[in-house]
1. Which of the residues belonging to the range 350-380 are part of a helix (DSSP H, G or I), touching a helix residue (DSSP H, G or I) at 6+ places or on another chain (Cβ under 8 Å) and modelled with pLDDT under 70?
2. In the range 209-229, is there at least one residue being more than 18 Å from residue 125 (Cα to Cα) and surrounded by 14 or more Cβ atoms within 10 Å (Cβ to Cβ)?
3. Quick one: would you say residue 224 is at pLDDT 90 or above and closer than 24 Å to residue 130 by Cβ?
4. If you go through the range 149-171, how many residues are closer than 20 Å to residue 200 by Cα and in contact (Cβ under 8 Å) with a residue 24 or more places away in the chain?
5. Looking at (1) surrounded by fewer than 19 Cβ atoms within 10 Å (Cβ to Cβ); (2) at pLDDT 90 or above, find the lone condition where residue 71 falls short.
6. Please determine whether any residue of the range 118-129 is in a loop (DSSP other than H, G, I, E, B), buried (at least 16 other Cβ atoms within 10 Å of the Cβ), within 33 Å of the chain's Cα centre (by Cα) and in contact (Cβ under 8 Å) with a residue 60 or more places away in the chain.
7. Please give the number of the condition residue 202 fails out of (1) in contact with a helix residue (DSSP H, G or I) (Cβ under 7 Å, 6 or more places away or on another chain); (2) surrounded by fewer than 20 Cβ atoms within 10 Å (Cβ to Cβ).
8. Would you call residue 35 over 14 Å from residue 327 (Cα atoms), modelled with pLDDT of 75 or more and touching a helix residue (DSSP H, G or I) at 6+ places or on another chain (Cβ under 6 Å)?
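The values are calculated or read from the model by the stated rules, or taken from the named source; none is laboratory data. On a predicted model such as this, the values are computed, not experimentally measured, just so you know. Counting neighbours? That spans all protein chains shown, and the Cβs are built from the backbone with ideal geometry, glycine included.
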C-alpha cells in the first residue's frame, strides 16, 4: 500500500474513532475549549491591566523613558544634572516613537505654613510640555495648574494641603538648600490642589514652575531629568536603544521605566508568576483529560487493534492513527476555543470595566486607576495554540505506543 492511501485510511479511522464515544469526546473537547478561553482571556487581561498600570504610573512619575545626568539615579542630588540644549531637543523631536517630552527639576525641601511643617518632594515643570506627557493636571481638584497671575505658583497634593491647612490663594514658605549650597527660602502661592491616587505622593508632592525652581535652587539652565513619553509600552526597549545611539551617553543616561521604578516591575512579575502557575495547573488538567480519552479508547479497542495488525496494518500505521486521534481532539477544542475567546476579548477590549467600592479603593491605594482593561496581542492566541498542541503531542505518545505494540497472537488467544 502506498503512503498516500495509507495515510488517508489512518485519518479516516482516527476521525471515526474520535466520534465512537461522543459523550467522552464532547467532555474532552469542552475541557480544551474552557482551557483555551481561560488562557487567552487571562493573558489578554494581564497584558491590558499591566500596560494600564505602567501607563498610569509613568504618566505621574518618570515617563516611559527618563533622561538624566550620569549617576543621578544612584544619588538623586542636584550635583548630577543635564541640560536640554538644541542638540538634545533635535534628537527628541526627530526620534520615532517619542510622543512627547518634559524637562523637570527635582529636589527636596521643607514646606511650612504657620506652625505646620512637612518635608516635600519639589518638582519644577514646564506647564505646557508637562500636560503633553504627564497626567498630573488631570488630577487637579481645585484651582489652576501653575497658571494665572500669581507669582511663584505652587500646586499641592490634597493630603499635603490638608496637613498644612492651606487652600487656593494661601501662601506657603518653601525652605531648602540651593545648588550653590546656600540656604534657599521663599514664599509660594497655592494655585491648585491635586487629588493624587497614590497616598504617599499626595502627602508629599509640591509642583512649581520650572523657571521658578531653577531660580529658587540657583540652578541656572540645568535640569534633573527629562521625562519621555513613548507611543506605546511595547516600544520602550527599541526607543531606549535608539536614544542611547543618538545621544551623548557620556553626558546623558537613558533609563527605561524599569530602572526608575523597579518596585513596579516586581509587582508585575509577581502578578505574572501567579497567573502562569494557575494556567499551568489548568493545562495539566487538560493534558490528563486528553490522555484519559485516548488511553481509554485504546484499551477498549485492544481486540480491534489486534485484528487490524493481524490483517497487515503495520505498527507504525496504528501509532499514527492513535496519534491523529489526539491531535484531532486538541484541534477541535482549539478551533472552538479560539472562536469563542477572540471575540470575547475584543469585546472587553472595547468595553473596559470600571471598578467600584472596595476594589476601587484598593486599586487607588496603589496609585492605579480603578479599571480592568484587556489587550489582545498576536502572540496570545498563537502561544495558546502552540501550548495546547504541545500538550496533545506529548500526552498522545504513551497511548499511541501502547496501541502499536499490541501482539495479534494475544488478541486471538482471548477470542
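1. Our first condition is that a residue be part of a helix (DSSP H, G or I); within the range 350-380, this holds for 350, 357-365, 379-380.
Now drop any that are not touching a helix residue (DSSP H, G or I) at 6+ places or on another chain (Cβ under 8 Å), which leaves 365, 380.
Selection gives 365 alone.
2. Looking through the range 209-229, none of the residues is more than 18 Å from residue 125 (Cα to Cα) and surrounded by 14 or more Cβ atoms within 10 Å (Cβ to Cβ).
3. The answer is yes for residue 224.
4. Within the range 149-171, the first condition is being closer than 20 Å to residue 200 by Cα, and the residues that meet it are 154-167.
Now restrict to residues that are in contact (Cβ under 8 Å) with a residue 24 or more places away in the chain: 154-161, 163-167.
Residues that pass the stated criteria total 13.
5. Going through the list (1) surrounded by fewer than 19 Cβ atoms within 10 Å (Cβ to Cβ); (2) at pLDDT 90 or above, residue 71 breaks only (2).
6. The answer is yes; a qualifying residue exists.
7. Evaluating residue 202 over (1) in contact with a helix residue (DSSP H, G or I) (Cβ under 7 Å, 6 or more places away or on another chain); (2) surrounded by fewer than 20 Cβ atoms within 10 Å (Cβ to Cβ) leaves (2) as the failure.
8. Spelling it out, residue 35 is indeed over 14 Å from residue 327 (Cα atoms), modelled with pLDDT of 75 or more and touching a helix residue (DSSP H, G or I) at 6+ places or on another chain (Cβ under 6 Å).
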